[in-house]
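J.: Please read through the structure below; I'll follow up with questions.
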């Protein structure tokens, strides 16, 4: 048992640090899928039984209420849940709840949760689960976790199905309640582009990646300055590849029942295109390998790049790290390879689960779905956390989507929810399953560097990656 637990923890730690859109060591509070990169030594220590030390503990609700424990790795999440608990107790006098909210460091919390599920003791009633940890936490499906199917029925019709599907188990049950869609969009520094006679109309005219490439070349020629690029490509995250797969309706994991295959036409097309951008100086490799790191934020502030794709939760990065950019940026849908394709994919995220060890799992599930799926809860998620919420009934509500007092609506030149609403039916899903850690480790530590840094032939690099993946399936 001990060996199995250590293996699960190390696998979880690896996928957390490598899976696209899962955040970084310096991800801000309230960001999507925040992760701290977990060292193997720390995981071994935790597996040996060292108790995780909480960063914050608070208890909310009446002593007469059903007492529960809830864990998260982001204090802002627990603050949100606590506020929603107050609303729940106001509206449900006959179903009062008291919750002790504990915030642990990212690695410690997931390690502690996995062990408590493995050993069938010590698990909280409710717990946040970062997307990269889903394969490990879902391993026991309904033996470990309580299905949310019934609890979410009042809200299900309004929830974005593709996002709910990302948090289903292999048995088809819904186990995770999402914080956001994580829809990938294009971010454009319109203020900088306008200096070189590239207008909003030019940006809006970009439909395909060929259009994007042509506009990039136009900008580079107009800029004519060494060290300034149109975009950057990542060697430490596979967001670009997820976009390509979603556009072609492919998934390199194979889902719950298929075989993993990284040698997809969509992946080859994206990597080949990116190699061309690098050769033509349209793109650079992101400093430190990722646009979602401190060096990436500084690269944006230095105007070294003026466009890139990222999930909508990246808006929080502007708020926390680049506030001086307020009013400069514009959001659009992503370009596609071929007309009619999906133009977005859900990336990253934190799903929240109810464990079978809960003192009252049905009550816990009802509260959780109220907090994260009801219009009331979703409004608070947008206002306080800045996430693109999954309850689609709000996307066209002017009082919600066009609220002039909302920070993000004042930060960007257009309304983010107008973009989200326009791509509502074109948001793809890439599953996170048992083989995902292996794929992401290989792609993000080896393949992307070989292709984008070393110029290795794309087919050869992906064949090498497939061999590595095949050893694990």
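The values are calculated or read from the model by the stated rules, or taken from the named source; none is laboratory data. Since this is a predicted model, take the numbers as computed values, not measurements. All Cβ positions, even for glycine, are placed from backbone atoms using ideal geometry, and neighbour counts span all protein chains on display.
J.: Just one of 225, 192 is assigned to a helix (DSSP H, G or I) and farther than 21 Å from residue 388 by Cβ; which is it?
T.: On the way: 225 fails: assigned to a helix (DSSP H, G or I).
None of the others qualify; the one that does is 192.
J.: If residue 258 passes every condition in (1) within 22 Å of residue 168 (Cα to Cα); (2) part of a helix (DSSP H, G or I) but one, which one does it miss?
T.: Condition not satisfied by residue 258: (2).
J.: Still on this structure, please answer the following. Please go through region 71-103 and pick out each residue that is within 21 Å of the chain's Cα centre (by Cα) and in a strand (DSSP E or B). Break it down stepwise before answering.
T.: Going residue by residue through region 71-103, those that are within 21 Å of the chain's Cα centre (by Cα) are 71-81, 103.
Answer for region 71-103, where residues must be within 21 Å of the chain's Cα centre (by Cα) and in a strand (DSSP E or B): 71, 72, 103.
J.: Quick check on region 234-253. Is at least one of its residues in a loop (DSSP other than H, G, I, E, B), surrounded by fewer than 23 Cβ atoms within 10 Å (Cβ to Cβ), without any contact (Cβ under 8 Å) to a residue 12 or more places away in the chain and assigned by TED's automatic domain parsing to the domain that holds residue 299?
T.: No: zero hits.
J.: Condition (residue is part of a helix (DSSP H, G or I) and closer than 19 Å to residue 128 by Cβ) applied to region 322-340: is it met by at least one residue? Spell out the reasoning first.
T.: Taking region 322-340 first, the residues part of a helix (DSSP H, G or I) are 323-325.
Those still in the list that are closer than 19 Å to residue 128 by Cβ too: none.
Looking through region 322-340, none of the residues is part of a helix (DSSP H, G or I) and closer than 19 Å to residue 128 by Cβ.
J.: Shifting gears a bit: Find the helices (runs of 4 or more DSSP H) located wholly in region 394-473 whose residues include 3 or more that are farther than 30 Å from residue 332 by Cα, under 21 Å from the mean Cα position of the chain (by Cα) and touching a residue at least 24 places away in the same chain (Cβ under 8 Å), and list them.
T.: On the way: elements: 398-401, 407-411, 416-422, 436-442, 458-470.
Hits in region 394-473: 436-442.
J.: Please find, within region 196-209, the residue that is nearest to residue 327 (Cα to Cα) out of those that are surrounded by fewer than 13 Cβ atoms within 10 Å (Cβ to Cβ) and free of Cβ contacts under 8 Å to residues at least 24 places away in the same chain.
T.: Out of the qualifying residues, it is 199.
J.: Residue check: is residue 33 at positive phi, part of a loop (DSSP other than H, G, I, E, B) and either at pLDDT 95 or above or not assigned by TED's automatic domain parsing to the domain that holds residue 381 (or both)? Please lay out each step first, then the result.
T.: Details: at positive phi: yes; part of a loop (DSSP other than H, G, I, E, B): yes; either at pLDDT 95 or above or not assigned by TED's automatic domain parsing to the domain that holds residue 381 (or both): no.
For residue 33, the condition - at positive phi, part of a loop (DSSP other than H, G, I, E, B) and either at pLDDT 95 or above or not assigned by TED's automatic domain parsing to the domain that holds residue 381 (or both) - is not met.
J.: For region 210-227, give me each residue that is buried (at least 18 other Cβ atoms within 10 Å of the Cβ) and over 30 Å from residue 429 (Cβ atoms).
T.: Residues of region 210-227 buried (at least 18 other Cβ atoms within 10 Å of the Cβ): 212-213, 215-216, 219-220, 223.
Across region 210-227, the qualifying residues are 219, 220, 223.
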